[in-house]
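All remarks here apply to the structure that follows.
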There are 2 protein chains.
Amino acid sequence: MNREPPAPNPDAQSHEDALLDEELEETFPASDPIPWVHDPRTPELYLEDFTVGRRFTSATFEVTARDIKEFAARFDPQPFHLDDAAARRSMFGALAASGWHTASVTMRLLVTSPMRVPGGLIGLGGEISWPRPTYAGDVLHVESEVVEAKRTRSKPDRGIVTMRHQTKNQRAEVVQSALIKIIVPSRG
Amino acid sequence: MNREPPAPNPDAQSHEDALLDEELEETFPASDPIPWVHDPRTPELYLEDFTVGRRFTSATFEVTARDIKEFAARFDPQPFHLDDAAARRSMFGALAASGWHTASVTMRLLVTSPMRVPGGLIGLGGEISWPRPTYAGDVLHVESEVVEAKRTRSKPDRGIVTMRHQTKNQRAEVVQSALIKIIVPSRG
């Protein structure tokens, strides 16, 4: 298997068009379908609002071949995430995203999902699995459900909520299933 | 809490210095401490080599403030990951990396760690927790240990290995603990 990084793409963007890593507001241009911040009308949810079984659905996000290769170059430089030909020869059969890329896109979708927590989404950890890969061109969204909500004994002003997040592609196939614990402030 | 993206940094790099997202081999310049590919002398390990208790240690990687903000802008745009002042006011107390960023850096360190698997590192999922945040300037490495290795019943040419990966900072504090199942080919 080819373990060399792929040759530079002759169709690569010019310097002028390239993303500038410090100019953060350019990272998501206005045309991006995921909002940068919550719609101000989205209500903030407290521990008491996280009733078991309550569901939330995120916006959608298309994962492009360029996204897959760019993430892989930084964080998971393996041939089946970097190079189309190597991916075809691999067990994936086509260019596939790193599982950590799918996890990161899932987080991006959750940050401005209707599951809006005062102070932000702060995860403690959980379980994660990738039943199938994310392929180039897949359009992902996240369906979330409250599994458990418990007030913290030592700090009663907050609690731990366990959410199940299923990240699905445009064919409603699950590309990631995660059970994640987050910290949520309480009303009273 | 400030939910607007931070203003552009006036000290931001020039266009010429900015990373070009398609010129992948420039993403990790020659001075980068993590190798892009395995040293060819690193032996490939098969299922039979994953004896319970065997340990591996990765190279190190410094997570800079710029890295943290850049990852956050793409995948976890919350004020405590994007903006120093907002981070100081948050429960983190200082600019902290997204947990998914810590997970992604962990993967980057594992890809060329001595745990070299023929065909690459392909994860099925597992458990993950972040006992403390990664802060700007932290230098991370990963200590890995074989927890279990089982031949696949239906496909005896491979098996599932469960690894515990502890990602530690320069003070040997655990910033991520993960128990991850990977697919490993067998010799016989």
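The values are calculated or read from the model by the stated rules, or taken from the named source; none is laboratory data. Because the structure is predicted, anything quoted here is derived from the model rather than measured. Backbone-built Cβ (ideal geometry, glycine too); neighbour counts: all protein chains shown. Areas reflect the complete protein model, heavy atoms only, side chains present, ligands, DNA and RNA absent. Shrake-Rupley method; radii C 1.70, N 1.55, O 1.52, S 1.80 Å.
Close amide-amide hydrogen proximity is noted between residue B:175 and B:167, B:168, B:169, each under 5 Å apart and 5 or more residues distant or on a separate chain (H modeled in the peptide plane; Pro and chain starts excluded).
Mean per-residue shielding of peptide B:77-83 is 4, counting Cβ atoms of other chains within 10 Å of each Cβ.
Could you report the buried accessible area between A and B, both sides summed, computed with a 1.4 Å probe and given in Å² to the nearest 100? Mind showing how you got there, number by number?
Values: alone 11440 and 11450 Å², together 16950 Å².
Chain pair A/B: roughly 5900 Å² of buried accessible area.
Rolling a 1.4 Å probe across the protein heavy atoms gives segment B:61-172 an accessible surface of 37 Å² per residue. Buried by at least 50 Å² relative to the chain on its own: which residues of segment B:100-146 qualify, computing accessible area with a 1.4 Å probe on protein heavy atoms? The answer is B:100, B:104, B:107, B:111, B:122, B:128, B:130 - residues whose exposure falls by at least 50 Å² when every protein chain is included.
Of the accessible area of segment A:48-188, with the probe set at 1.4 angstrom, what percent is carbon plus sulfur?
Values: 2770 of 5520 Å².
In segment A:48-188, the share of accessible area belonging to carbon and sulfur is 50 percent.
Can you work out the FRET efficiency for the pair residue A:174 and residue A:51, with r the C-beta to C-beta distance and R0 = 22 Å, to the nearest 0.05? It comes to 0.40.
Ordered from largest to smallest accessible area (heavy atoms of protein chains, 1.4 Å probe), the residues B:168, B:150 come out as B:150, B:168. Over the Cα atoms of segment B:45-185, the radius of gyration divided by the Kirkwood radius equals 1.05; this is the Rg/Rh ratio. In this label model, residue A:85 and residue A:139 are separated by 3.2 nm, measuring between points 7 Å along each Cα→Cβ vector. Figure note: A:163, B:107 ranked by solvent-accessible area, largest first, 1.4 Å probe, ligands and nucleic acids not counted: B:107, A:163. In whole angstrom, note down how far apart the Cα centers of segment B:97-168 and segment B:57-83 are. Using only Cα atoms to place each centre, the spacing works out to 19 Å. Eigen-decomposition of the gyration tensor built on the alpha-carbon atoms of segment A:76-116 gives equivalent ellipsoid semi-axes of 28, 8, 6 angstrom, largest listed first.
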